[in-house]
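Working notes, structure below.
The values are calculated or read from the model by the stated rules, or taken from the named source; none is laboratory data. Predicted, not measured: the structure shown is a model, and the values here were computed from it. Virtual Cβ from ideal backbone geometry, glycine too; neighbours counted across all protein chains shown.
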Amino acid sequence: MKAQTRQKPAFRFRLRWEYLILVTLMALFSVKFLDKTSQIRGLNQQVAALQTDNQNLAASNVHLQHDLKYYATNQYAQNAARGLLGYTKPGETGIDVQPVAPHVTMRAAPPAHVVTVPSKPVWQQWLDVFTK
């Protein structure tokens, strides 16, 4: 008898369940990783915006504290009395300045926007376009 030689079959892709599960888990991990990365990027942008707002508010707070110190001084009380009430010291001449009314010109009102209501509903107009 003749020895039988076995021929190797052509390359056949063999699917292994372990590899399929591994690739699926890697894909899920990468999607979750990219999602978390984008969330972190958004949170970092929020942190930067909040830090900028915090710095602006701190500068505004310092400015307001300086204003409060000025409002507590006699100089402010004196300037407010002079400006609002017309207070003058003895020997000074008070000047009362009245604002001049601006010249007002009358212009015609723009025409009102006129809305035309179609006689037929829009869907009927479209139907008429395609059927006639």
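Descriptive notes on the structure:
- Against the test of being within 22 Å of the chain's Cα centre (by Cα) and in a helix (DSSP H, G or I), the options GLN55, GLN65, GLN78 yield a single qualifying residue, GLN55.
- Scanning region 104-124 for residues that are at pLDDT 75 or above and either touching a Ser or Thr at 6+ places or on another chain (Cβ under 9 Å) or part of a loop (DSSP other than H, G, I, E, B) (or both) returns THR105, ARG107, SER119, LYS120, PRO121.
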